[in-house]
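Written below as structure tokens is the structure these notes are about.
The values are calculated or read from the model by the stated rules, or taken from the named source; none is laboratory data. In this text the structure is predicted, and so the values were computed from the model without any measurement. Don't worry about glycine lacking a Cβ; one is built from the backbone with ideal geometry, like all the others, and counts go over all protein chains shown. Surface accessibility is based on the protein's heavy atoms, side chains included, excluding ligands, DNA and RNA. Shrake-Rupley method; radii C 1.70, N 1.55, O 1.52, S 1.80 Å.
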Amino acid sequence: MDTAQIEYLEETARKIRGLTLRAIGSVGSGHVGGCMSIVELVTVLYFAAMNIDPSRPGMPGRDRLVLSKGHAGPTVYSALALKGYFPLSELETLNKPMTRLPSHCDMNKTPGIDMTAGSLGQGLSCAVGMALAARMNGGAEYIYAIIGDGESQEGQIWEAGMAAAHYRLDNLIVFMDYNKLQIDGTVDEVMTLMDPVEKWKAFGFHVLEVDGHDLSSIVRTIQLARNRKGKPVMIILHTIKGRGISFAEKAGVDSHSMKVSPEQVETAMKELGWDTLWNQ
Amino acid sequence: MESVKEMRQVLGDCIVDAMKKDSRVVLIDADLGKPNGTFSARAVFPGRCFDVGVAEQNMAAVAAGMAAYGQVPIINTFASFATRRICDQVAVSICYAGRNVKIIGTDPGIAAELNGGTHMAVEDIGVMRSIPNILIFEPCDTVELGKGFAAAMEYDGPVYMRMYRKKVEELHDESYVFGLLKADVLKEGKDVTLVCSGIMVAEAVRAGLMLEEAGVEAEIINIHTVKPVDEAALATSARKTGAMVTCENHNVLGGLRAAVAEVVTRRCPVPVIPVGIQNVNGEVGVLPYLLKRFQLTASDIMQAAMVAMEMKNDRACHCKN
Ligand SMILES: Cc1ncc(C[n+]2csc(CCOP(=O)(O)OP(=O)(O)O)c2C)c(N)n1
Ligand SMILES: [Mg+2]
């Protein structure tokens, strides 16, 4: 990747981060922590990896993303709006009456969303189903899925993993947002995953690890993942919950679902260099 | 009057009380201890509180195992996950096995508010009510929660308790005499019966006042325990008023309306007009908006009461609706 591309992705990530916080701020509360930890990943997926066309959300053969940790919907909505699926101004309708943008992803409401989620653990199975269907139909597309580390405590995650390896779904690329936090505490305090790298290896996955906030590493890792054949890929994304929004990062575990005031949004926008970002 | 405490704070206190009273009581969370107010028990009884993480099915069956050993487990998550997600574990390991497990499901129906449609259990009562051997309880305020929770803990058998998490309108005071299997007549009347539960009790009480202004004497019955339902109370009121409206924060299929209809069709057939979620999915929003959107407000109840009374008065209309 050349520096211009990286700069473009870096700017895009800042925009997605800001748009997401503003949308949540317009409601007054939301899942800030888990939205912010996947900003870089979502940026790379939508702006450097996925084969998609905003003018044709239902394009056959498109790559698909299942946001299994569905509570981070607002981050994906920001990417979709920035990509051109719907106007940026629509982001402010988040969770308002009759919105097309509910907290948790809904494939029947939002252009560009390919699977409904919200009940943790189910999305990865849905992604396995998509990957099976894609292969059955001779499709060359990739199916991406994002799961949470707390979500990984659901038994269904491991049922889905077993099936993905059994059917050698090398068109399936899964990301685990390893922010080490959930609601009742750290993942290790609540219910440890022990060593997720070893676990996923034992489950028959190619496992890669990456700094989830390093854009060029994410780009490279996804390229690597696409070229691995014969097995599904699990990318463990080392992240920080609330990343890039200082009050949320500081809140740590309490950033999961938090109140957001207009003043906090304003301060965060200054930190992101919001005005200069759009004036170039 | 708005309650001083949130329902979830009271729930936390109730659990600590229950653990003090009975050393067999244990608590199992599934990563919603903080949002549901049960987290506070950990400071008091650290050795008797567990958190299985985001793993509700495991939570339910672990509880069944502890109950088989002799503990009295309380398990806790959102209503959607406490019912449909763990339905088989509840049916087999808890109810079929006859284990004394208390299941708490918070923010049922539209009470899930900003978590949106995927989190709105509009079918939780339907799911649980059709499983043999379970009692279903839903408090409408913090006083009823306190008394009902204590009674549910004393009851020997599986209980599902669905409840709103936040502040509520306080409809009872401490003089309230609670009976777990006894429906409460909140107001007597002769023209129509409003049968209600949970967050809909406050709406029904408001509807009662509006009806009174229109010259209608509504009887209001709070069904805090929808299973086993107080058949005598329902039959007596049906006989007295001859017209009923059910008011529930649940699908009109399988919940309170079904429970009431099952009783009156056998014991005293009268029209039963349902106010509830009309067999559609929930959607994201805040409570006042959602009450209107799903036609669950006091004025919707009042209109339904008018229809019920019209049907009662017009014998030729028996087959209408
Ligand atoms: C089946 C299910 N159980 C519980 C919840 C409530 N819930 C939403 S997010 C969450 C914690 C998830 O933690 P994690 O996967 O680590 O999310 P992140 O840190 O990425 O925000 C819980 C318990 C849910 N949505 N679905
Ligand atoms: Mg996490």
Worksheet item: Residues of region A:192-218 with amide nitrogen under 18 Å from the 7 Å Cα-to-Cβ point of residue A:6?
Response: A:210-218
Fill in: Stretch gain in nm, segment residue A:224-residue A:198, where the contour uses 0.36 nm per residue and the Cα spacing is subtracted
7.4 nm
Worksheet item: HN-Hα J couplings of region A:153-161 from phi, Karplus 6.51/-1.76/1.60, θ = phi - 60°, integer Hz, Gly and Pro as x?
Response: 7, 5, x, 4, 4, 7, 5, 5, x
Item to complete: Tally up the carbon and sulfur contribution to the accessible surface of the protein assembly as shown as a whole percent, 1.4 Å probe, everything protein left in place.
Response: 53 percent
Worksheet item: What residues does region A:181-208 have that are buried by at least 20 Å² of accessible area in the full protein assembly compared to the chain on its own, 1.4 angstrom probe?
Response: A:182, A:183, A:184, A:190, A:191
Worksheet item: Based on the alpha-carbon gyration tensor of the protein assembly as shown, what equivalent-ellipsoid semi-axes (square roots of 5 times the eigenvalues) come out, in whole Å, largest first?
Response: 45, 27, 23
Item to complete: Could you rank the peptides B:78-84, B:180-186 by their average count of other C-beta atoms within 10 Å per residue, with the highest value first?
Response: B:78-84, B:180-186
Worksheet item: Label points 7 Å out from Cα along the Cβ direction at residue A:137 and residue A:251: separation in nm?
Response: 4.0 nm
Worksheet entry | Difference of contour (0.36 nm per residue) and Cα-Cα distance, residue B:174 to residue B:293 | 39.4 nm
Practice prompt. Kindly compute the accessible surface that chains A and B hide from a 1.4 Å probe when together, both sides summed, and give it to the nearest 100 Å².
Written response: 2000 Å²
Practice prompt. Mind telling me which of B:101, B:195, B:52 comes out most flexible in a GNM of chain B, alpha-carbon contacts under 10 Å?
Written response: B:52
Worksheet item: For the peptides A:181-191, B:102-112, what is the packing order when you average, over each peptide's residues, the other Cβ atoms within 10 Å and list the highest mean first?
Response: B:102-112, A:181-191
Worksheet item: By how many nm would the segment from residue A:162 to residue A:96 grow when fully extended, if each residue of separation counts as 0.36 nm and the alpha-carbon distance is taken off?
Response: 19.9 nm
Worksheet item: Tell me, which residues of region B:48-85 get at least 50 Å² less accessible area when the other protein chains come in, versus the chain alone (1.4 Å probe)?
Response: B:54, B:85
Discussion item. How much accessible area per residue does region A:1-136 have, counting only protein heavy atoms and a probe of 1.4 Å, in square angstrom?
Written reply: 33 Å²
Worksheet item: Could you give the accessible area per residue of region B:7-163, probe 1.4 Å, as a whole number in Å²?
Response: 30 Å²
Discussion item. Explain nothing, just compute: Karplus ³J(HN,Hα) = 6.51 cos²θ - 1.76 cosθ + 1.60, θ = phi - 60°, for every residue of region B:71-76 in order, whole Hz, x for Gly and Pro.
Written reply: 7, 10, x, 10, 10, 8
Worksheet, complete the sentence: Computed over the Cα atoms of region A:3-278, the Rg and Dmax in Å are 17.4, 52
Item to complete: Round to a whole angstrom and tell me the spacing of the C-alpha centers of region A:129-165 and region B:86-157.
Response: 32 Å
Worksheet item: Once label points are set 7 Å from the Cα along Cα→Cβ at both residue B:217 and residue B:262, what is their separation, rounded to one decimal in nm?
Response: 3.2 nm
Discussion item. I need the calculated FRET efficiency for the pair residue A:271 and residue A:53, taking r as the beta carbon distance and R₀ as 60 Å, to the nearest 0.05.
Written reply: 0.95
Discussion item. If amide hydrogens are placed 1.01 Å from N in the peptide plane, which non-local residues have theirs closer than 5 Å to the one on residue B:78?
Written reply: B:106
Discussion item. List the pairs from A:15/A:83; B:187/B:240; B:34/B:147; B:34/B:102; B:167/B:292; A:109/B:34 whose alpha-carbon separation is above 21 Å, in the order I gave them.
Written reply: B:34/B:147; A:109/B:34
Worksheet item: Using the reciprocal of the averaged 1/r over all distinct C-alpha pairs, how large is the Kirkwood radius of chain B in Å?
Response: 19.6 Å
Discussion item. In 5 Å bins starting at zero, report the fraction of Cα pairs in region B:7-163 per bin as a rounded %.
Written reply: 2, 10, 21, 25, 24, 13, 4, 1
Worksheet item: For chain B, what is the calculated [θ] at 222 nm in deg cm²/dmol (nearest 500), taking -39500 (n - 2.57) for each run of four or more DSSP H residues and dividing by its residue count?
Response: -11000 deg cm²/dmol
Worksheet item: For region B:155-168, what does the Karplus curve 6.51 cos²θ - 1.76 cosθ + 1.60, with θ = phi - 60°, yield as ³J(HN,Hα) per residue in whole Hz, taken in order and with x for Gly and Pro?
Response: 5, 8, x, x, 10, 10, 10, 9, 8, 6, 8, 9, 6, 10
Worksheet, complete the sentence: Expressed as a whole number, the average count of other chain Cβ atoms within 10 Å around the Cβ atoms of A:93-105 is 5
Worksheet item: Any residues in region B:104-130 that have 40 Å² or more less accessible area with all protein chains than in their chain alone, probe 1.4 Å, and which are they?
Response: B:114, B:115, B:118
Worksheet item: Under a 5 Å amide H to amide H cut-off, with H placed in plane at 1.01 Å, what residues pair with residue B:277 once short-range neighbours are removed?
Response: B:250, B:251, B:252
Discussion item. With the crude spin-label approximation of a point 7 Å out along Cα→Cβ, what separation in nm comes out for residue B:210 versus residue B:240?
Written reply: 2.3 nm
Worksheet item: Going toward the positive end of the dipole of the protein assembly as shown, with +1 on Lys and Arg Cβ and -1 on Asp and Glu Cβ, which of A:88, A:133, B:65 do you reach last?
Response: A:133
Worksheet item: In what sequence, highest mean first, do B:25-35, B:169-179 appear when ranked by Cβ atoms within 10 angstrom?
Response: B:25-35, B:169-179
